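Read through the structure below, which is laid out as structure tokens, and then see the notes.
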Amino acid sequence: MAATVKNCMLLFVIVVITLSLTTCHKFKDFPYKEAYYDQYVDHFNQMSFGEKTFKQHILYQDKYWDPKGGPIFFYAGNEGDIEGFWDASGFIHEIAPEFGAYVVFPEHRYYGKSLPFGNDSFKAGLLGLLTVEQAMADYAVFLTDLKQKLNATNSKIIAFGGSYGGMLAAYMRFKYPNIVDGSLAASAPLFMQDPAGPHDFFFQHVTQDFRDIDQKCYDLVKIAFQQMDILAAQGQPGLDQISTQFGLCKKLTDQDSYRHLQGWVRNAFTMMAMLDYPYPTGFMGNLPGFPVKVGCGAIMNESNPIVGLAKAAGVFYNSSSIPCYDIFEEFIECADPTGCGTGPAAIAWDYQACTELSLPRGSNNVTDMFPVLPWTPELRATYCQKTYGITPRESWASIQFLGLKIKSASNIIFSNGNLDPWMGGGINENLSPSLIAIPVSGGAHHLDLRASNQLDPIGVIVAREREKGIIRAWLSSP
């Protein structure tokens, strides 16, 4: 082990001198090497922090790389620790050997270990350097430096990303076509970023995922929420009864806590729909295979609809391993009605949802099965003013990142799974010969980026082969 680490260090110090010493790791099925890159805190205002830098966390693998013209496969890190995206993007690692590719995953600023100001990064005044533009500039500077240090200035760079990372992969091709030669944007809701784009699709799609399993599942979810409303209207005795039926660690005390419980439940159904993979996963939660089907089974097999709803939510919140639900620890309300997660990353994502990123509207109990939990631009503005003292600029993303008019771009694959609730905000038909939409039949949230699995639906196998063929054509073109 010591010899392996030593060799790894020497190799990367030779290749990229500006990265600090690196170590080698085995992360599940895909080993990586780890390093830190001295990245500018502010790329656009040299008078703000001068030449101040921070350590950007980098994962990479060079064992497949052909130094005689092999491409660089770059994953645009998104809202979380980069290790999780490395493990959840096995498709990139699996195809790297046949392309002779250098694989690199830089972490997004303000997430994981890439904190520009350490523990002070989330303080007012410093959080303002968390922007899409700064993150993309991080990637552009790093990739340019990497190519020079690798003596690979003629090597092409293919960007990959899923969800927000898929948006970034596409945006890198929009903004830096001189650096990125092509992008695979998986489950990337780009059109949602335009004020004129779709925003009311999300919870309707989540609902349909469960309804497609069984109409009874849909009916019981609605009945359970209705029965909860009746109990909640009775005041504390009714809230106590709901608390007992859900097995809460702390009793509900008022309508605000009851509303939080509703959001906690909706979040569980959201995550089960997004992560409805055909096999167990630990990405964004420990879930069984086909969690939507498992969740429906939990509520349909229970005589009491409210208890059944609690058991269905427990599929996501791991009811089998905890004695009670702490709904205020497990779910945090934020500017993203689909959930921000927990921990420091939740603060960063909440801030981004208050600035540049446009998220779906709330649930309405008409086109979806969830309680009326609205999230309008006005509610978002009020929340963001109260939380951060800022008002979202609704139109900025459409100005900065082309909005609905992206036909001037080229060499981008947009993939979307039909099970994925984010599909409605993405690009689902070809826009030009080089802006290609690939459907993933049977696929949940960026399933095509995951490693191949014997339980994969045929739709994702076909999609990955198409993606490889398009990438190969990009790499072979002048």
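The values are calculated or read from the model by the stated rules, or taken from the named source; none is laboratory data. What you see is a predicted model; the values in this text were computed from it and never measured. Ideal geometry is used to build each Cβ from the backbone, glycine not excepted, and the neighbour counts take in all protein chains shown. Keep in mind that these areas ignore ligands, DNA and RNA; they rest on the heavy atoms of the full protein, side chains included. Shrake-Rupley method; radii C 1.70, N 1.55, O 1.52, S 1.80 Å.
Computed quantities for the displayed model
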| item | result |
| --- | --- |
| Sole residue being among the hydrophobic types (A, V, I, L, M, F, W, C), in contact with a strand residue (DSSP E or B) (Cβ under 9 Å, 6 or more places away or on another chain) and farther than 23 Å from Lys55 by Cβ, chosen from Ala137, Ala88 | Ala88 |
| Residue in region 130-148 that is among the small types (Gly, Ala, Ser) and assigned to a loop (DSSP other than H, G, I, E, B) present | no |
| Region 403-424, subset open to solvent by 60 Å² or more (accessible area, probe 1.4 Å) and within 23 Å of the chain's Cα centre (by Cα), residue nearest to Val460 (Cα to Cα) | Asn418 |
| Flag if Pro177 is open to solvent by 10 Å² or more (accessible area, probe 1.4 Å) and in contact with a Ser or Thr (Cβ under 7 Å, 6 or more places away or on another chain) | no |
| Odd one out for Asn154 among (1) touching a Gly at 6+ places or on another chain (Cβ under 7 Å); (2) within 22 Å of Ala345 (Cα to Cα); (3) open to solvent by 30 Å² or more (accessible area, probe 1.4 Å) | (2) |
| Test for Ser183: is it part of a loop (DSSP other than H, G, I, E, B), hydroxyl-bearing (Ser, Thr, Tyr) and surrounded by 19 or more Cβ atoms within 10 Å (Cβ to Cβ) | no |
| Candidates Val462, Val440 - the one that is closer than 29 Å to Gly285 by Cα and open to solvent by less than 30 Å² (accessible area, probe 1.4 Å) | Val440 |
| The one condition in (1) modelled with pLDDT of 95 or more; (2) over 20 Å from Asn151 (Cβ atoms); (3) of a type in the set (D, E, K, R); (4) surrounded by fewer than 23 Cβ atoms within 10 Å (Cβ to Cβ) that Glu107 fails to fulfil | (4) |
| Among residues of region 331-374, those that are more than 16 Å from the chain's Cα centre (by Cα) and hydrophobic (A, V, I, L, M, F, W, C), counted | 8 |
| Residues located in region 230-247, provided they are open to solvent by 60 Å² or more (accessible area, probe 1.4 Å), in a helix (DSSP H, G or I) and more than 20 Å from Ser303 (Cβ to Cβ) | Gln236, Pro237 |
| Output for region 211-223, where each listed residue is in a helix (DSSP H, G or I) and open to solvent by less than 70 Å² (accessible area, probe 1.4 Å) | Cys217, Tyr218, Asp219, Leu220, Val221, Lys222, Ile223 |
| Tally, over region 357-385, of residues that are closer than 23 Å to Gln400 by Cα, of a type in the set (S, T, N, Q) and open to solvent by 20 Å² or more (accessible area, probe 1.4 Å) | 2 |
| Answer from Gln226, Gln208 - the residue that is open to solvent by 20 Å² or more (accessible area, probe 1.4 Å), farther than 26 Å from Asn418 by Cβ and among the polar types (S, T, N, Q) | Gln226 |
| Selection from region 445-468 of residues that are under 17 Å from Gly165 (Cα atoms) and either among the β-branched types (Val, Ile, Thr) or in contact with a Pro (Cβ under 9 Å, 6 or more places away or on another chain) (or both) | His445, Leu447 |
| Failed item, numbered, when Asn453 is tested on (1) assigned to a helix (DSSP H, G or I); (2) farther than 21 Å from Pro198 by Cα; (3) open to solvent by 30 Å² or more (accessible area, probe 1.4 Å) | (1) |
| Hits in region 272-311 (condition: among the hydrophobic types (A, V, I, L, M, F, W, C) and either surrounded by fewer than 24 Cβ atoms within 10 Å (Cβ to Cβ) or assigned to a strand (DSSP E or B) (or both)) | Leu275, Phe283, Met284, Leu287, Phe290, Val294, Ala298, Met300, Ile306, Val307 |
| Search result, residues across region 386-399 that are open to solvent by less than 70 Å² (accessible area, probe 1.4 Å) and of a type in the set (A, V, I, L, M) | Ile390, Ala397 |
| Members of region 248-304 that are acidic (Asp, Glu) and more than 21 Å from Ile322 (Cα to Cα) | Asp254, Asp256, Asp276 |
| Among (1) at pLDDT 90 or above; (2) open to solvent by 30 Å² or more (accessible area, probe 1.4 Å); (3) under 30 Å from Glu356 (Cβ atoms); (4) acidic (Asp, Glu), the one test that Asp42 misses | (2) |
| Flag for Gln245 being free of Cβ contacts under 8 Å to residues at least 40 places away in the same chain and over 22 Å from Thr338 (Cβ atoms) | no |
| Whichever residue in region 425-437 is more than 14 Å from Leu190 (Cβ to Cβ) and in a loop (DSSP other than H, G, I, E, B) and, among such residues, is least open to solvent (accessible area, probe 1.4 Å) | Ser434 |
| Failed item, numbered, when Lys250 is tested on (1) touching a Phe, Trp or Tyr at 6+ places or on another chain (Cβ under 8 Å); (2) without any contact (Cβ under 8 Å) to a residue 40 or more places away in the chain; (3) open to solvent by 80 Å² or more (accessible area, probe 1.4 Å) | (2) |
